[in-house]
Amino acid sequence: MKFSLRFNNDLPVADYIRLAQAAESAGFDQFWVSHDLFMRGAFVILTAIAAHTSKIEIGTCVVNPYSMNPAEIAMHAAALDEYCGGRFNLGISAGAGDFLGWIGIEQDKPLTATLEAIRAINTLLSGEPAALDGQCLHWTNEAYLRFTPRRRIPIYLGAMSPNMLRAVGEIADGGLPLLFPPEHYETVMPYIREGVAKAGRDLAAVDVAACIWCSLADDRTAAEDVLRGKIAYYGHTLSPLILARLGVDRTEFDPIQQAIMVERDEAKAKALVTDAMLQIGIVGTTRDVIARLEKLVSMGAQHLSFGPPLGVDPLAAIAALGRDVLPHFRGKGA
């Protein structure tokens, strides 16, 4: 069984150093940081973490091939992996179309663009020229790294839609499927297994991180308020597959998106988050986390990934997860 933490890139860089050190001490295997537009750059954050940790793996969750060219993704990935001694994992996906729209980028052919980017990056990180004449990338034989990469870095594919989930099973070293709610695992895994079967691979070779949101605190109302903030900001980007599982219509997020993105009124946006939307994550104590994840683990989850907001006090939440949740599930993986 593996365990990881995921954070948005909305905190001061120095905060991540403390959080990653706490995660390493608590026994987590991986530490992921998002690369959302107009927040702090993930590669800078992860370099700072690498300088102050020694064992924990680090990764992006996720970069996309639209706002960052795949050539630059490979450059940053190889340099960071070299610096951290082979602890870097590259999380990549198509990104959120709404966010890309802020900078005038149209998310054309998201699956094709992502798969071509992975193919090109894998080739570059294998030390080979990445000539490619695809639908989205048109590279010549001059497309190669002018230094020798330390290794071919593992690539984790962020996925919400059926086709992207199948691609996890077909081509990725790992997957970062959003399990909103955690029970969504039983919807997600059949698609990944389809991809594995199509490619003739072994499912055990694909590290599927069961990505959940949790907000921990003894004060349930306070923990719920923090989760409301994350749902308000990111809820409108969720896939139809997730929304169907929650029983929530995409249009229900329209007034929330207006409140938080346009009016910049977080309190109003939080108040509009419904009880059904709150089922996206887990709220409460570590006992609540364990109870909600037991079924997920019984269905075969081998990697539990705890995501933001974590709680009122993220450092306290990391310590609590390390004390109570990790030991509870550690012996249950295959």
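The values are calculated or read from the model by the stated rules, or taken from the named source; none is laboratory data. If you're wondering where the values come from, they're calculated on a predicted model, not measured in any experiment. In this analysis, Cβ positions are derived from the backbone assuming ideal geometry, glycine residues included, and neighbour counts consider all displayed protein chains. To get the accessible areas, we keep the full protein, side chains included, count just its heavy atoms, and leave off ligands, DNA and RNA. Shrake-Rupley method; radii C 1.70, N 1.55, O 1.52, S 1.80 Å.
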Original post:
When the chain is treated as a GNM, springs tying every alpha-carbon pair under 10 Å, which of K55, K198, K270 comes out with the largest mean-square fluctuation?
Top reply: K198
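If R₀ is 41 angstrom, what is the calculated FRET efficiency for the pair L203 and R323, using the beta carbon separation as r and rounding to 0.05? If you can, show how the numbers build up before the last one.
Details: r = 31 Å, r/R0 = 0.76.
About 0.85, to the nearest 0.05.
On the protein heavy atoms, probe 1.4 angstrom, tell me the percent of accessible surface of the stretch 1-90 carried by carbon and sulfur. Write down the numbers at each step before the final one.
Values: 1660 of 3170 Å².
Solvent-exposed carbon and sulfur of the stretch 1-90 make up 53 percent of the total.
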Original post:
Does the stretch 1-156 come out rounded, prolate or oblate, given a ≥ b ≥ c as the square roots of the eigenvalues of its C-alpha gyration tensor, rounded meaning a/c under 1.5 and, failing that, prolate meaning a/b above b/c?
Top reply: oblate
**OP:** Report the full-extension gain for the segment S67 to A14: residue separation times 0.36 nm, less the Cα-Cα distance, to one decimal in nm.
**Re:** 16.6 nm
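By how many nm would the segment from A271 to A222 lengthen if fully extended, with 0.36 nm per residue of separation less the alpha-carbon distance? Spell out each step's value before the answer.
On the way: separation 49, 0.36 × 49 = 17.64 nm, distance 1.34 nm.
Full extension of this stretch gives 16.3 nm more.
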Original post:
Accessible area per residue, 1.4 Å probe, Å², for the chain: what's the number?
Top reply: 41
Original post:
Which label belongs to the value computed from this structure, given these candidates for Cα Rg over 2.2 N^0.38 Å: (1) 1.05; (2) 0.95; (3) 1.24?
Top reply: (2)
**OP:** Name the most mobile residue of G101, G174, G229, meaning the one with the largest mean-square fluctuation, in a Gaussian network model of the chain with Cα contacts below 10 Å.
**Re:** G101
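How much of the accessible area of the stretch 122-185, probe 1.4 Å, is carbon plus sulfur, in whole percent?
On the way: 1310 of 2740 Å².
Ligands and nucleic acids excluded, carbon and sulfur give 48 percent.
How large, in percent, is the carbon and sulfur part of the accessible surface of the stretch 254-309 at a probe radius of 1.4 Å? It would help to have the intermediate numbers written out before the result.
Values: 1250 of 2490 Å².
It is 50 percent, rounded to a whole number.
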Original post:
Excluding same-chain residues fewer than 8 positions from K109, which lysines have a Cα within less than 26 Å of its Cα?
Top reply: K198
Original post:
Between rounded, prolate and oblate, where does the stretch 150-205 land on the alpha carbon gyration tensor, with a ≥ b ≥ c its root eigenvalues, rounded for a/c under 1.5, else prolate if a/b exceeds b/c?
Top reply: oblate
**OP:** Report, by chain and number, residues whose modeled amide H sits under 5 Å from the one on V63, excluding near sequence neighbours (fewer than 5 apart, same chain).
**Re:** G91, I92, S93
Subject >> For the stretch 127-193 versus the stretch 202-227, the gap between their alpha-carbon centres in whole angstrom >> reply: 22
Original post:
So how much slack lies between E82 and M261, counting 0.36 nm per residue of separation and subtracting their Cα-Cα distance, in nm?
Top reply: 60.7 nm
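Calculate how many DSSP beta bridges within the stretch 1-137 are antiparallel, expressed in % of all such bridges and rounded to the nearest 5. Provide the component values of the computation, followed by the final result.
Numbers: 0 of 11 bridges.
Here the share of antiparallel DSSP bridges comes out near 0 percent.
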**OP:** Sort the stretch 103-164 into rounded, prolate or oblate with this rule: let a ≥ b ≥ c be the square roots of the eigenvalues of the Cα gyration tensor; rounded if a/c is under 1.5, and if a/c is not under 1.5, prolate when a/b is larger than b/c, oblate otherwise.
**Re:** oblate
Original post:
FRET efficiency for A244 and E128, Cβ-Cβ distance as r, R0 = 41 Å, nearest 0.05?
Top reply: 0.50
